[in-house]
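Q: Handing you this structure, nothing more for now.
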Amino acid sequence: MLVALDVLLALAAALPTSSACASPQDPPEPSCSAGHYQAMAFPLQTKLPHPSLAAHCFVPSTADRARVQALESYRCVRLQGLELPGAGAVDLELTRIDDVAPKFVSWNGAAPGAPGAPLPTAMSLWSGRVPALAGSEAYLAFSAVGAWGFLRTQTRLFHLVSFPSAGSWANHRLVLVEDAHKNQLGAWPCGDPIAEPPTLPPVFGACFAGLPPSQWSYQCPDPGLTQLRLCRAAVETDYQFYQRFGDLRAAEVYARFVLGSVAQALRLDVRVIVELEYLGLWSSSADPWIEPDLAVGQTAGACCVEVFYEFQHRWGTEDLLRIGPRFDRGPGLGLAPVAADLFHLLSGVQMGCAVGSRGVGTSHGGFSISTGMGAISFGNPNELRASPFFQLYGAGHEIGHSFGVGHSHDFKVDVRGTPGNTADDVPIDDCAVDPSAGAASCAGMGFGRSTLMSYCLHCAPAGLGNIRMRYHPEMARCMRAYTSALPAYAGVTFVTDLGNAAAPAPASPPVLRYTGSAPGLDSLTLAGSGHPPVYDANVLLVGVFGGYAVLPGFTLVPTLDVMLVGVRPELPIDIPLPSGFPNGLMLYFQQAFLVNGNEVFTSNAIALEVVR
């Protein structure tokens, strides 16, 4: 018998949470409730400091790899004792975020639904901060084939980058380096060198010649407090992206590392949930993309704009540009492998530029590309900013254009309280690199003081550190208005198996599974297997909002901020869900059996989020 779950959830709906009560004009950072962070050592402990620069080389030991894998069993962690090169040890408070697992991973053009398709690779994405450093920001990805990320304080920016070792990403090594020192590492032997495609010098003038000036609106209706909306994404890569890894699993993890950062910013600021319908990877030069190959050969005229229009023409359905033979390819071929609202190409070719166009929420969809993506070696003379941070910014910036906004130096704000007079509006910043776009100025810039649609990464001394991986609140308001045609999201997301099952030897622990939801999300279904054939008691524990705590006789289970104990629930079981969670509600489930009076069997714990 399961006791009054609707009462539990009704009570949960009445409790204050940051996601439910926050204004979308100033959404909160993702975080767990105070006291719910599981404390553990930073998983990478075996390191070799650089003899003279602010950098460490991590050489993961067996224990380090076990700690990385153990992260997949948590949602809220406090990682202790990360030694920042030249800055001392810090603790990180991190919240696990959606790892944008693709519904279909395509290798070398396999069609969605093809038999034998690879399953998404296990990984965990984390967003958070250093609690002792106000204004800090951290984003990290961990997997068995590499870890990447960044940590930015108000004075410094650090990059975490992986390299294969002995020809294998399974034996990867990692570098943690301060941004100011990354291009001085030279041939420091920490892992194998990355096989980067040849890098082209920037070709802004020739590349964009003949294009009409961009026209972006900043006069947007206020969409108010809106429900989360669904954006279906399809992401493609080229052979040059794969070349940077030489490994399909590592390439997949890195693509999701990039997309996870963008998806998190879109959820927090634009109130959009991104579902990755398709991720295409090519380990063969037989990919369908010609323009990146021409760019590598430095053929005259090859540039990121031509890569963009080849992508848009092949996957799109309309002729969006009719300005002459250089770019106009005629009506789109409509060869996108799946239906989506957002289409993005991650190209491994570094061309010094990237492109995005509006379209999310229209019948055609939004198209964008980012270049120079994938594993990198520091010190590239044609792109000294190359780093995971720069790539996260690049993808977030171009995808932002697909949501209907331009650059922050073009986006004017009514700071004088005169909404009827746009003549006295002022831009968000003056960091334009093109003099025709406005007076270039870095006044007021500093670490974390600008956002994704800005060009303030050009401003010394902080450089890349000026950027915060979020969309400016005023621009996010326009992005929400622009995408109002997207459907409201209602569903179960962030389904995560947290592990933590236990059983007395030699028995095997029971298994708990989420198997789906009813039409209209009136209920969700849990199924189980492997339970003891005879038992004294059987309970289903349900936790809401919290992290983890140890209960006597159990492994780690959800903190029961609000707790329901179901007595002898028979699985599968349909759990009724009331409405009233348009901003999402985290639920945790774990089943426990008492056998022979004193032996406890626990299933794995499951976390999932209900949006309804």
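Q: Once you have the Cα-Cα distance between T46 and A443, take 0.36 nm times their residue separation minus that, and quote the gain in nm to one decimal.
A: Length gained, T46 through A443: 138.8 nm.
Q: A follow-up question, please. What is the set of long-range amide H partners of A41 at a cut-off below 5 Å, with H atoms built 1.01 Å from backbone N?
A: Hits under the 5 Å cutoff: Q80.
Q: Shape call for the stretch 466-547 from the C-alpha gyration tensor, a ≥ b ≥ c root eigenvalues: rounded (a/c under 1.5), prolate (a/b greater than b/c) or oblate?
A: prolate
Q: Another one. Ranked highest first by average number of other Cβ atoms within 10 Å, how do 97-110, 59-72, 258-271 line up?
A: 258-271, 97-110, 59-72
Q: Among 355-364, 45-54, 391-400, how do they line up by average Cβ neighbours within 10 Å per residue, starting with the highest?
A: Ranking, from highest mean packing down: 391-400, 355-364, 45-54.
Q: Turning to a different aspect of this structure: Lys and Arg at +1, Asp and Glu at -1: add these up for the other residues within a Cβ distance under 12 Å of C304 and post the number.
A: Its environment carries a net charge of -4.
Q: Name the long-range amide H neighbours of S283: under 5 Å, sequence gap of 5 or more, or other chain; modelled H, no Pro or chain starts.
A: Here N108 satisfy the definition.
Q: Cα gyration tensor of the stretch 117-195, axes a ≥ b ≥ c as square roots of the eigenvalues: rounded (a/c below 1.5), prolate (a/b > b/c) or oblate?
A: Note, shape of the stretch 117-195 comes out oblate.
Q: Still on this structure, please answer the following. Rounded if a/c is under 1.5, else prolate if a/b beats b/c, else oblate: with a ≥ b ≥ c from the C-alpha gyration tensor eigenvalues square-rooted, which is the stretch 360-478?
A: The shape class here is oblate.
Q: Enter the Cα centre distance for the pair the stretch 363-434 and the stretch 58-90, rounded to the nearest angstrom.
A: Centre-to-centre (Cα) distance: 32 Å.
Q: Any idea what Rg and Dmax come out to for the stretch 81-122 if you just take the C-alpha atoms, in Å?
A: Answer for the stretch 81-122, Rg first and Dmax second: 18.7, 51 Å.
Only the coordinates and a few stated rules stand behind these numbers; no lab work does. These figures come from a predicted structure and were not determined experimentally. Here Cβ is always computed from backbone atoms with ideal geometry, including for glycine, and neighbour counts include all displayed protein chains.
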